[in-house]
1. Mind listing just one residue for me: the one in the range 3-43 that is in contact (Cβ under 8 Å) with a residue 60 or more places away in the chain and assigned to a loop (DSSP other than H, G, I, E, B) and, of those, nearest to residue 76 (Cα to Cα)?
2. Return the residue satisfying two criteria in turn: it lies in the range 44-73 and is touching a residue at least 40 places away in the same chain (Cβ under 8 Å) and in a loop (DSSP other than H, G, I, E, B), and of such residues it is farthest from the chain's Cα centre (by Cα).
3. Hey, can you tell me all the residues within the range 31-79 that are among the basic types (Lys, Arg) and open to solvent by less than 40 Å² (accessible area, probe 1.4 Å)?
4. Name the residue, out of 22, 85, that is among the small types (Gly, Ala, Ser), open to solvent by 40 Å² or more (accessible area, probe 1.4 Å) and out of contact with any Asp or Glu (no Cβ under 7 Å at 6 or more places or on another chain).
5. Look at residue 80 and say whether it is modelled with pLDDT of 95 or more and within 24 Å of residue 12 (Cα to Cα).
Amino acid sequence: KEELLVPESNEAERADFVITVSGDSMEPTFYDENKVFVEKCDSVGIGEIGIFVVNGDVYIKERGNQCLLSHNEKYKPIRIGENDSVYCCGRVIGVVE
């Protein structure tokens, strides 16, 4: 946990925390090392981007129908089965500029 000073914005006001993107699976929407604003919530709708913990691994992904989607075409969807442990940490609401 660290303190981060960000410019005033609607997203900054709404956000509960900031998380750093790791990897290229969400390019071109988000890039490695981007910091994103996250609004805490238990679920997001299909088509929304969230922070998910799936079987202990943390992902920033778009929610699909029974799967999590990357925006980079070289990554396949992460299928969610009935035996998977899935927890939504929040909705991504913007990038820290």
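The values are calculated or read from the model by the stated rules, or taken from the named source; none is laboratory data. What you see is a predicted model; the values in this text were computed from it and never measured. Cβ coordinates were reconstructed from backbone atoms using ideal geometry, including for glycine residues, and neighbour counts include every protein chain displayed. Ligands, DNA and RNA are excluded from the accessible area calculation, which covers all protein heavy atoms including side chains. Shrake-Rupley method; radii C 1.70, N 1.55, O 1.52, S 1.80 Å.
1. Looking at residues that are in contact (Cβ under 8 Å) with a residue 60 or more places away in the chain and assigned to a loop (DSSP other than H, G, I, E, B), I get 30.
2. Taking the range 44-73 first, the residues touching a residue at least 40 places away in the same chain (Cβ under 8 Å) are 44, 48-51, 60, 70-72.
Still in the running and in a loop (DSSP other than H, G, I, E, B): 44, 48, 70-72.
Working: 44: 10, 48: 9, 70: 10, 71: 12, 72: 14 Å.
Of everything passing the filter in the range 44-73, 72 is farthest from the chain's Cα centre (by Cα).
3. In the first step, residues of the range 31-79 are kept if they are among the basic types (Lys, Arg); the result is 35, 40, 61, 63, 74, 76, 79.
The one that is among the basic types (Lys, Arg) and open to solvent by less than 40 Å² (accessible area, probe 1.4 Å): 61.
4. 85
5. Values: modelled with pLDDT of 95 or more: yes; within 24 Å of residue 12 (Cα to Cα): no.
No; evaluated as a whole, the condition is false for this residue.
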